[in-house]
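To keep things clear, I will list the structure first and then write my remarks on it.
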Amino acid sequence: MHPNMSQTIQGEGTRLIGMVHVGALPGTPRSSQRVDSLVDQAVHEAKQLEDAGFDAVIIENMHDTPYVHGEALGPEIVAAMTKVVGAVVWTLDIPVGVQILSGGNKHAIAVAHACGAAFIRCENFAFAHVADEGLLAEAEAGGLLRYRRAIGADHVKVFCDIKKKHASHALTGDLSIEDVAHGADFFGADGLIVTGTSTGKPTDLGDVRAVRDATTLPVLVGSGVTPDSVRSLSEFADALIVGSWIKRDGHWMNPVDPDRAKALVDSKHG
């Protein structure tokens, strides 16, 4: 039985969650590998992160750029992600999360439920955004949590980004980050993710502190974590999601670098 993320994320010490970026999936512009090869690569990188001392991993299809959104995601994406996530869950003894871009939150809930994954990462949970993939006009929370209940997946936690990266927030420019945190909390999120403006960009420590003061939910940092920032962020965050620094040369598109992954874990204790 794999540990539940809600039991793992809160407690003594800040947890580290590593990103596994699955290679481009079938039908997407950059697709070049068979699904079995994508599975092997994802399992290998996830095991490297577990061996380095990470507390959980997230499986994400970030290589599928440019993204389509929500219902435009094809069944081939769900099928491939199910095979990848299932293999990772079978291999690891730490919790596994799922994110399907863009806006594939019901898809991710279904994959997580089928595979025994513990949580999903959801963007656009509350409020509207203008993202690089277009206008995200509808908040996900209402339909998503009803779907989770309908398929009996209430055990799958939903950690949601607030003021998501790769997006403009002009539509909600009159709301503070505390206001947005309150909205996501009110709508039933299981944890709140605070990020920088884009992948790999640092998350503002003041934003993390503000969200920590605004909610009793778990607070996660979603971008730009480095060994130099681990200790300061850990003062306010329950978990740190890392997807760039732990890769070769610190770039998210590259494979996991085991030495960098271990160095980041060590920085939590150093």
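The values are calculated or read from the model by the stated rules, or taken from the named source; none is laboratory data. Nothing here was measured: the structure is a model prediction, and the numbers come from that model. Cβ coordinates were reconstructed from backbone atoms using ideal geometry, including for glycine residues, and neighbour counts include every protein chain displayed.
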Notebook entry, point to check: Across the range 1-41, which residue is modelled with the lowest pLDDT among those that are of a type outside the set (A, V, I, L, M) and touching a Leu at 6+ places or on another chain (Cβ under 8 Å)?
Noted result: 2
Margin query: All but one of (1) out of contact with any helix residue (DSSP H, G or I) (no Cβ under 8 Å at 6 or more places or on another chain); (2) assigned to a loop (DSSP other than H, G, I, E, B); (3) farther than 16 Å from residue 19 by Cβ hold for residue 259; state the number of the condition that does not hold.
Written below: (2)
Item checked: Output for the range 212-234, where each listed residue is touching a helix residue (DSSP H, G or I) at 6+ places or on another chain (Cβ under 7 Å), hydrophobic (A, V, I, L, M, F, W, C) and not in a loop (DSSP other than H, G, I, E, B) -> 214, 219, 221, 230, 233
Next item on the list: Go through the range 182-231 residue by residue and tally those that are under 14 Å from the mean Cα position of the chain (by Cα) and among the β-branched types (Val, Ile, Thr).
Entry: 7
Margin query: Name the residue that is surrounded by the fewest Cβ atoms within 10 Å (Cβ to Cβ), counting only residues in the range 214-227 that are modelled with pLDDT of 95 or more and over 14 Å from residue 191 (Cα atoms).
Written below: 227
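Results for (1) outside any loop (DSSP other than H, G, I, E, B); (2) aliphatic (A, V, I, L, M); (3) under 16 Å from residue 19 (Cα atoms); (4) in contact (Cβ under 8 Å) with a residue 40 or more places away in the chain, shown as yes or no for each residue.
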position: 161; (1), (2), (3), (4): yes, no, yes, yes
position: 171; (1), (2), (3), (4): yes, yes, no, yes
position: 178; (1), (2), (3), (4): yes, no, no, no
position: 182; (1), (2), (3), (4): yes, no, no, no
position: 185; (1), (2), (3), (4): yes, no, no, no
position: 193; (1), (2), (3), (4): yes, yes, yes, yes
position: 236; (1), (2), (3), (4): no, no, no, no
position: 254; (1), (2), (3), (4): no, no, yes, no
Margin query: Going through 169, 129 one at a time, which residue ends up being at pLDDT below 90 and buried (at least 20 other Cβ atoms within 10 Å of the Cβ)?
Written below: 129
